[in-house]
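Participant: Below you will find the structure I want to go over with you.
The values are calculated or read from the model by the stated rules, or taken from the named source; none is laboratory data. Every value quoted in this text rests on a predicted model; they were computed, and no experiment measured them. Ideal geometry is used to build each Cβ from the backbone, glycine not excepted, and the neighbour counts take in all protein chains shown. With ligands, DNA and RNA removed, areas are computed over all heavy atoms of the protein, side chains included. Shrake-Rupley method; radii C 1.70, N 1.55, O 1.52, S 1.80 Å.
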There are 2 protein chains.
Amino acid sequence: MTIQYTAVAAVDAIMSKAWQAFHIYRKMSLKQRADFMRAIAKELEACGDELLEVAMSETNLPMARLKNERARTMYQLTSYADACEKGDWLDIRINTGVKESIPAKPDIRKMLIPLGPVVVFGAANFPFAYSTAGGDTASAFAAGCPVIVKAHPEHAKTSELVARAILKAAADCYMPEGIFSHIHSETFEVGQALVANSFTKAVGFTGSIRGGKALYEIANQRKEPIPVFAEMSSINPVFLLPEKMRTSATEIAEMYAGSITLGVGQFCTNPGLIIGIDNEDLNKFISSLSIAIKNATPAAMLNTGIFKNYIEKRANSLSQPDVETVAVAEKEPLMYEGIPTVATATATAFMNNPLLHQEVFGPYSLIIKCKDLQEMQKVTKQIEGQLTATIMGSVNDIKENEGLIDAVKNICGRFILNAVPTGVEVCEAMHHGGPFPSTTDSRFTAVGPDAIKRFVRPLSFQNWENELLPDELKNENPLAIWRTVNGELSKNKIA
Amino acid sequence: MTIQYTAVAAVDAIMSKAWQAFHIYRKMSLKQRADFMRAIAKELEACGDELLEVAMSETNLPMARLKNERARTMYQLTSYADACEKGDWLDIRINTGVKESIPAKPDIRKMLIPLGPVVVFGAANFPFAYSTAGGDTASAFAAGCPVIVKAHPEHAKTSELVARAILKAAADCYMPEGIFSHIHSETFEVGQALVANSFTKAVGFTGSIRGGKALYEIANQRKEPIPVFAEMSSINPVFLLPEKMRTSATEIAEMYAGSITLGVGQFCTNPGLIIGIDNEDLNKFISSLSIAIKNATPAAMLNTGIFKNYIEKRANSLSQPDVETVAVAEKEPLMYEGIPTVATATATAFMNNPLLHQEVFGPYSLIIKCKDLQEMQKVTKQIEGQLTATIMGSVNDIKENEGLIDAVKNICGRFILNAVPTGVEVCEAMHHGGPFPSTTDSRFTAVGPDAIKRFVRPLSFQNWENELLPDELKNENPLAIWRTVNGELSKNKIA
């Protein structure tokens with residue numbers, strides 16, 4: 001397979017084609033959009049083992065994981081398609097007019113409409129689920145937006161195969177030319193040009209803080225600023241509360257050894273920070289965790305860049321004052337393998353050293369030893385925005401530490417009790433997002449059908465005759481959508 | 001009444017107090033928030049005529065208008081309070097866990113939670129409805145956020161009286177100290193410091209493009225960027241389609257003369273641009289409109305700044321090449337009175353001159369004469385984002401000009417048929433917002449209870465025991481809120 005690179009000069013024509021496609025695609029019915037998404041899922045399956053093998057060769061991910069990830073990607077496409085077709089996400093509000101009132105109240109009907117072409121930068125760590133046909137692409141298509149994917153250079157061939165699957169589905173479903181474009185480039189300038197192009201109306205990105213912030217700044221400096229949904233960094237703090245630790249230190253340690261090393265720690269929800277009270281129970285936790293980490297097997301990381309980054313950031317963290325390495329996997333790692341590692345630091349060291357707040361992307365976790373619950377709360381207030389935060393606590397722990405619980409709630413997008421943060425369920429209730437710098441916009445999720453809402457805006461129709469309104473807003477409610485009519489949710493027709 | 005000015009140095013203490021209040025207020029029930037808002041409405045009423053008289057002396061607005069505006073402000077507070085208490089806006093999604101599935105599906109429950117302290121910069125043109133206790137303040141309180149109002153210097157005393165009413169209601173309702181702060185300042189630095197303060201989590205602003213963009217940039221350059229909801233500028237284009245014009249040119253002219261001059265043109269939805277086809281019907285429209293404008297009465301504008309700005313921008317627009325003045329109110333204006341004025345320009349002149357796209361805040365409207373419908377569509381594509389756009393058209397006009405209708409829909413937040421854009425109904429279906437530069441964020445409304453959504457973000461609770469969940473998410477649904485449970489909207493309890 002040869003990879004064709006796109007020049008900066010070609011971006012204008014690509015975006016202009018997407019803009020033309022937008023005006024056709026936005027008017028296609030919810031069912032047409034959904035059928036297109038389902039067709040993409042089918043094409044992904046039709047790619048068979050070839051796709052998995054190419055992905056395996058590019059990413060070092062094991063076959064079983066890639067199989068699961070493709071299945072997840074197909075589920076995302078079909079479940080967002082179902083949500084799209086159902087239409088509840090359109091947030092329809094109707095206030096029927098009152099001609100008799102003085103002054104007369106106009107008839108106003110509001111629904112969400114698509115923003116326009118969406119540029120997607122895929123994730124290194126999810127070659128399927130958060131890349132070319134991943135969550136951003138699926139939610140943009142559901143919203144009614146064309147998509148332009150900038151392929152991740154570390155899995156360019158995988159991306160190319162997926163792009164071909166999307167284009168085949170687009171042709172089979174009579175989608176307009178320009179509904180989907182796929183761009184390979186090894187320079188930053190092409191990405192920059194895509195975000196700066198006036199036809200681009202939103203951006204999805206999963207990757208580093210540096211990359212995400214750079215795109216965010218370009219987008220804000222445009223003549224017309226546009227939203228950037230960048231998922232950037234999270235260390236997913238876990239808080240070990242005293243009563244729970246008294247009964248379950250060993251059990252928690254085993255659970256967390258698995259979470260820290262899962263997928264060579266290459267998940268945005270990897271628990272990189274564990275905060276406990278410095279006592280016997282924490283010692284018990286640390287020694288159990290240490291045994292498990294020492295017995296864990298190093299495994300190849302996604303690519304050279306991620307491996308080098310892990311080596312460097314891990315070494316950097318371990319060499320900070322008052323940081324103590326407590327366990328390293330004992331099996332000698334091969335080249336490009338990430339070594340599972342756990343270290344400890346004092347609360348003071350953590351609070352005085354911003355470097356210890358940074359993500360070490362890989363199977364690494366830092367345990368913070370606090371003197372007491374007061375110090376734990378002080379630590380919490382210093383932690384920046386996170387995708388997730390987890391409490392390991394008994395009912396009493398929760399009830400007796402309201403201030404701490406409130407502080408933790410305030411820094412995260414998903415708040416977990418007595419479980420691990422890895423594993424991001426695709427469902428309506430999922431919020432995969434969080435305060436800055438975990439994402440650029442805490443108000444939107446990247447997982448679950450609510451992700452569609454990133455790519456839409458409301459439009460009110462005032463005083464339009466029924467026959468001229470879009471089907472979604474017509475009196476008859478032909479699509480049987482839940483709508484708020486004069487303040488009340490219903491699927492009823494309007495008399 | 002003496003106005004106490006706040007120094008930049010005092011901002012930290014004010015915001016820190018707001019941050020402390022946030023942690024108490026966010027946990028108060030929806031009913032407590034709603035009762036507080038209703039109490040504010042009652043206090044506004046209790047201010048009696050004194051408040052109206054002070055506002056009249058500061059803004060030149062007539063008593064009848066101020067009476068109406070206070071009533072509107074009270075309605076906003078009470079209707080957003082009702083919406084707050086009802087809780088449908090919380091967008092609750094619940095996926096109950098499935099322990100038997102492999103791997104087990106966790107129980108996840110999502111709701112919207114408040115962002116934190118909100119800084120509000122009130123509008124010059126609405127001393128009540130979009131100022132101190134206006135839409136931004138009401139929606140922030142409903143969301144669960146403390147509010148810090150920077151008083152508009154042109155109606156500082158009015159703002160002071162309203163602030164006292166809010167503080168009285170806060171005390172009566174046992175609100176925490178810091179729930180509301182009111183700041184007077186005549187320098188830009190205080191506003192800057194408010195937006196830059198790390199405890200500020202969102203900003204509401206209504207005013208000029210320059211002011212809005214300046215705040216937007218400060219907010220984006222913070223270590224933690226925050227959302228700025230700035231409503232800045234709109235010329236609210238009106239499109240006159242041929243069949244409708246053939247039958248109704250005179251009637252439309254009369255309707256629009258009223259809309260152009262309403263409130264001395266000082267509304268963000270004032271129709272500043274009228275686009276027609278250069279033919280007999282348009283001539284008829286122009287001559288009817290001219291008669292009405294010539295007979296219109298100049299009236300005092302809000303303040304010296306707005307008056308000077310009108311004089312300057314009006315003169316600037318009228319002096320552009322190919323712009324022709326067609327009607328000016330004949331009554332000699334007194335000092336500070338805005339003169340109702342209508343002018344025409346060719347489509348070419350409009351398309352070549354960005355100055356003609358700018359808002360002239362006041363009773364001014366520019367009529368663009370297009371050769372034909374094709375040229376009208378070309379003009380449309382050059383128009384920037386708007387709060388509203390209006391079609392004056394018959395059913396045939398709409399059906400035969402799909403491309404034009406689509407292009408117009410794309411640039412506005414509220415799309416009106418055969419009516420005027422002035423008059424912004426407070427209701428669920430209202431979208432008062434629009435693509436940049438009409439606002440900084442087309443995805444949110446400043447009017448109607450959906451305005452609450454500007455000041456919240458989602459939080460998912462994973463694996464929490466029922467008794468530890470907030471009432472909104474408990475199995476019993478004690479607040480009887482509409483919730484999406486396992487994909488289906490209902491008010492049912494979870495068994």
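Participant: Counting only residues that are closer than 30 Å to residue A:69 by Cβ, within 12 Å of another protein chain (Cβ to nearest Cβ) and of a type in the set (A, V, I, L, M, F, W, C), which one in the range A:110-144 is nearest to the chain's Cα centre (by Cα)?
Facilitator: Applying the filter and picking the extreme gives A:143.
Participant: Given the criteria among the hydroxyl-bearing types (Ser, Thr, Tyr) and either in a loop (DSSP other than H, G, I, E, B) or more than 20 Å from residue B:417 (Cα to Cα) (or both), does residue B:259 qualify? Quick ask: steps written out before the conclusion?
Facilitator: On the way: among the hydroxyl-bearing types (Ser, Thr, Tyr): yes; either in a loop (DSSP other than H, G, I, E, B) or more than 20 Å from residue B:417 (Cα to Cα) (or both): no.
No: the conditions fail for residue B:259.
Participant: Okay, moving on. Kindly establish whether residue B:407 is touching a Cys at 6+ places or on another chain (Cβ under 8 Å), within 19 Å of residue B:242 (Cβ to Cβ) and either assigned to a helix (DSSP H, G or I) or not charged (D, E, K, R) (or both). Give the steps one after another, and end with the answer.
Facilitator: Working: touching a Cys at 6+ places or on another chain (Cβ under 8 Å): no; within 19 Å of residue B:242 (Cβ to Cβ): yes; either assigned to a helix (DSSP H, G or I) or not charged (D, E, K, R) (or both): yes.
It is false that residue B:407 is touching a Cys at 6+ places or on another chain (Cβ under 8 Å), within 19 Å of residue B:242 (Cβ to Cβ) and either assigned to a helix (DSSP H, G or I) or not charged (D, E, K, R) (or both).
Participant: Taking the condition of being closer than 29 Å to residue B:460 by Cβ and either open to solvent by 20 Å² or more (accessible area, probe 1.4 Å) or in contact with a Gly (Cβ under 7 Å, 6 or more places away or on another chain) (or both), how many residues in the range A:459-483 meet it? Don't jump to the end; show me each part of the working.
Facilitator: Of the residues in the range A:459-483, the ones closer than 29 Å to residue B:460 by Cβ are A:459, A:472, A:479-483.
Adding the requirement that they be either open to solvent by 20 Å² or more (accessible area, probe 1.4 Å) or in contact with a Gly (Cβ under 7 Å, 6 or more places away or on another chain) (or both) leaves A:459, A:472, A:479-482.
Looking only at that region, the number is 6.
Participant: In this structure, does residue B:387 turn out to be modelled with pLDDT of 95 or more, closer than 22 Å to residue B:283 by Cα and open to solvent by less than 10 Å² (accessible area, probe 1.4 Å)? Before you say what the answer is, go through the steps one by one.
Facilitator: Working: modelled with pLDDT of 95 or more: yes; closer than 22 Å to residue B:283 by Cα: no; open to solvent by less than 10 Å² (accessible area, probe 1.4 Å): yes.
Answer is no for this residue.
Participant: For residue A:397, state whether it is open to solvent by 10 Å² or more (accessible area, probe 1.4 Å), among the acidic types (Asp, Glu) and either within 23 Å of residue A:245 (Cα to Cα) or not in a loop (DSSP other than H, G, I, E, B) (or both).
Facilitator: On the way: open to solvent by 10 Å² or more (accessible area, probe 1.4 Å): no; among the acidic types (Asp, Glu): yes; either within 23 Å of residue A:245 (Cα to Cα) or not in a loop (DSSP other than H, G, I, E, B) (or both): yes.
Considered against the rule, which asks whether it is open to solvent by 10 Å² or more (accessible area, probe 1.4 Å), among the acidic types (Asp, Glu) and either within 23 Å of residue A:245 (Cα to Cα) or not in a loop (DSSP other than H, G, I, E, B) (or both), residue A:397 comes out as no.
Participant: Another one. Taking the range B:47-80 as the search range and keeping residues that are of a type in the set (Lys, Arg) and touching a residue at least 24 places away in the same chain (Cβ under 8 Å), which one is least open to solvent (accessible area, probe 1.4 Å)?
Facilitator: The extreme case among them is B:70.
Participant: Quick one: is residue B:34 open to solvent by less than 50 Å² (accessible area, probe 1.4 Å), under 30 Å from residue A:407 (Cα atoms) and without any contact (Cβ under 8 Å) to a residue 60 or more places away in the chain?
Facilitator: Details: open to solvent by less than 50 Å² (accessible area, probe 1.4 Å): yes; under 30 Å from residue A:407 (Cα atoms): yes; without any contact (Cβ under 8 Å) to a residue 60 or more places away in the chain: no.
The answer is no for residue B:34.
Participant: Which one of A:483, A:457 is at the interface with chain B (Cβ under 7 Å from one of its Cβ atoms) and among the charged types (D, E, K, R)? So that I can check it myself, show each step before the final result.
Facilitator: Values: A:483 fails: at the interface with chain B (Cβ under 7 Å from one of its Cβ atoms).
Of the residues listed, the single one that is at the interface with chain B (Cβ under 7 Å from one of its Cβ atoms) and among the charged types (D, E, K, R) is A:457.
Participant: Collect the residues in the range B:443-454 that are free of Cβ contacts under 8 Å to residues at least 40 places away in the same chain and more than 7 Å from chain A (Cβ to nearest Cβ), keeping them in residue-number order. First the steps, then the outcome.
Facilitator: Taking the range B:443-454 first, the residues free of Cβ contacts under 8 Å to residues at least 40 places away in the same chain are B:443, B:445, B:448.
Answer for the range B:443-454, where residues must be free of Cβ contacts under 8 Å to residues at least 40 places away in the same chain and more than 7 Å from chain A (Cβ to nearest Cβ): just B:448.
Participant: For the range A:190-197, check the following and say yes or no: at least one residue is touching a residue at least 40 places away in the same chain (Cβ under 8 Å) and closer than 30 Å to residue A:67 by Cα.
Facilitator: yes
Participant: Look at residue B:408 and say whether it is within 24 Å of residue A:117 (Cα to Cα) and either among the hydrophobic types (A, V, I, L, M, F, W, C) or at pLDDT below 95 (or both). If you could, list the steps in order and put the result at the bottom.
Facilitator: On the way: within 24 Å of residue A:117 (Cα to Cα): yes; either among the hydrophobic types (A, V, I, L, M, F, W, C) or at pLDDT below 95 (or both): yes.
Judged against the criteria, residue B:408 is a match.
Participant: Which of the residues that make up the range B:390-413 are in contact (Cβ under 8 Å) with a residue 12 or more places away in the chain and either farther than 27 Å from residue B:444 by Cα or more than 10 Å from chain A (Cβ to nearest Cβ) (or both)?
Facilitator: Those that are in contact (Cβ under 8 Å) with a residue 12 or more places away in the chain and either farther than 27 Å from residue B:444 by Cα or more than 10 Å from chain A (Cβ to nearest Cβ) (or both): B:392, B:393, B:394, B:396, B:397, B:398, B:401, B:404, B:408, B:411.
Participant: Looking for something of a type in the set (Lys, Arg) and either within 20 Å of residue B:421 (Cα to Cα) or within 12 Å of another protein chain (Cβ to nearest Cβ) (or both) - is there at least one such residue anywhere in the range A:102-109?
Facilitator: Yes; the residues of the range A:102-109 include at least one that is of a type in the set (Lys, Arg) and either within 20 Å of residue B:421 (Cα to Cα) or within 12 Å of another protein chain (Cβ to nearest Cβ) (or both).
Participant: Also, quick follow-up: Tell me yes or no: at least one residue of the range B:81-98 is at pLDDT below 95 and either under 16 Å from residue B:137 (Cα atoms) or not small (Gly, Ala, Ser) (or both).
Facilitator: yes
A quick yes/no check of all residues on (1) under 14 Å from the mean Cα position of the chain (by Cα); (2) assigned to a helix (DSSP H, G or I); (3) in contact (Cβ under 8 Å) with a residue 24 or more places away in the chain:
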{"residue": "A:381", "(1), (2), (3)": "no, yes, yes"}
{"residue": "A:415", "(1), (2), (3)": "no, no, yes"}
{"residue": "A:424", "(1), (2), (3)": "yes, no, yes"}
{"residue": "A:433", "(1), (2), (3)": "yes, no, yes"}
{"residue": "A:441", "(1), (2), (3)": "yes, no, yes"}
{"residue": "A:460", "(1), (2), (3)": "no, no, yes"}
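Participant: Among the helices (runs of 4 or more DSSP H) lying completely within the range B:275-356, list those that include at least 2 residues that are open to solvent by less than 60 Å² (accessible area, probe 1.4 Å) and within 30 Å of residue B:158 (Cα to Cα).
Facilitator: Values: elements: B:280-295, B:304-318, B:347-352.
In the range B:275-356, the matching helices (runs of 4 or more DSSP H) lie at B:304-318.
Participant: Can you confirm whether the range A:469-490 contains a residue that is in a helix (DSSP H, G or I), touching an Asp or Glu at 6+ places or on another chain (Cβ under 9 Å) and farther than 20 Å from residue A:229 by Cβ?
Facilitator: Residues of the range A:469-490 in a helix (DSSP H, G or I): A:471-473.
Then keep just the ones that are touching an Asp or Glu at 6+ places or on another chain (Cβ under 9 Å); that gives none.
Within the range A:469-490 (the criterion being in a helix (DSSP H, G or I), touching an Asp or Glu at 6+ places or on another chain (Cβ under 9 Å) and farther than 20 Å from residue A:229 by Cβ), the answer is no, since none of the residues qualifies.
Participant: For the range A:383-413, what are the residues that are over 26 Å from the mean Cα position of the chain (by Cα) and aliphatic (A, V, I, L, M)? Explain how you work it out, then say what you get.
Facilitator: Step one: of the range A:383-413, the residues over 26 Å from the mean Cα position of the chain (by Cα) are A:393-404.
Selection gives A:395, A:398, A:404.
Participant: Next question, about the same structure. Name, by its number, the condition in (1) modelled with pLDDT of 95 or more; (2) out of contact with any Ser or Thr (no Cβ under 8 Å at 6 or more places or on another chain) that does not hold for residue B:334.
Facilitator: With (1) modelled with pLDDT of 95 or more; (2) out of contact with any Ser or Thr (no Cβ under 8 Å at 6 or more places or on another chain) applied to residue B:334, the lone miss is (1).
Participant: Give me the residue from the range B:245-273 that is open to solvent by less than 40 Å² (accessible area, probe 1.4 Å) and of a type in the set (A, V, I, L, M) and, out of that set, nearest to residue B:413 (Cα to Cα).
Facilitator: Per the criteria, the residue is B:273.
Participant: Can you name every residue in the range A:9-35 that is under 16 Å from residue A:87 (Cα atoms) and under 25 Å from the mean Cα position of the chain (by Cα)?
Facilitator: Of all residues in the range A:9-35, those under 16 Å from residue A:87 (Cα atoms) come to A:26-35.
Once the filter is applied, which keeps residues that are under 16 Å from residue A:87 (Cα atoms) and under 25 Å from the mean Cα position of the chain (by Cα), the range A:9-35 yields A:26, A:30, A:33, A:34, A:35.
Participant: Restricting the range B:1-29 to residues that are closer than 12 Å to residue B:146 by Cα and small (Gly, Ala, Ser), which is surrounded by the most Cβ atoms within 10 Å (Cβ to Cβ)?
Facilitator: Among those that are closer than 12 Å to residue B:146 by Cα and small (Gly, Ala, Ser), it is B:18.
Participant: I need the full set of residues from the range B:88-105 which are surrounded by fewer than 21 Cβ atoms within 10 Å (Cβ to Cβ) and not charged (D, E, K, R), in order please.
Facilitator: Result: B:96, B:97, B:98, B:101, B:102, B:103, B:104.
Participant: Any residue in the range B:255-279 that is farther than 17 Å from residue B:329 by Cα and among the acidic types (Asp, Glu) sitting within a Cβ distance under 9 Å of a residue that is outside any helix (DSSP H, G or I) and open to solvent by 20 Å² or more (accessible area, probe 1.4 Å)? List the pairs, counting only those 6 or more apart or interchain.
Facilitator: Matching pairs, first to second residue: B:278/B:346; B:278/B:369; B:278/B:371; B:278/B:372.
Participant: Between a residue in the range B:160-183 that is on the phi > 0 side of the Ramachandran plot and any residue that is of a type in the set (Lys, Arg), which pairs come within a Cβ distance under 8 Å, given they are 6 or more apart or on different chains?
Facilitator: B:178/B:17
Participant: Can I ask one more? Report yes if residue A:495 is more than 8 Å from chain B (Cβ to nearest Cβ), among the aliphatic types (A, V, I, L, M) and assigned to a loop (DSSP other than H, G, I, E, B), otherwise no. Steps first, please.
Facilitator: Numbers: more than 8 Å from chain B (Cβ to nearest Cβ): yes; among the aliphatic types (A, V, I, L, M): yes; assigned to a loop (DSSP other than H, G, I, E, B): yes.
Judged against the criteria, residue A:495 is a match.
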